[in-house]
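Reading through the structure tokens given below for one structure.
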Amino acid sequence: MATLNVGDAAPGFTLPNERNETVRLTDALARGPVVLIFYVMDNTPG
């Protein structure tokens, strides 16, 4: 897997949201800019 750097374009992905609805990056980008945030320790023990 390639490493992404700050400012790189994110690869396309599809994930469920909190309501179990499918969310696609390409659909979100069609509506405008998208900010992706990753919480390393979110929902993990410790």
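The values are calculated or read from the model by the stated rules, or taken from the named source; none is laboratory data. None of these values were measured; they are calculated from a predicted model.
Structure notes:
- Among residues of segment 1-33, those that are among the hydrophobic types (A, V, I, L, M, F, W, C), at pLDDT 90 or above and part of a loop (DSSP other than H, G, I, E, B), counted: 1
- Of everything listed in (1) at pLDDT below 85; (2) not in a loop (DSSP other than H, G, I, E, B), the single unmet condition for Val40 is (2).
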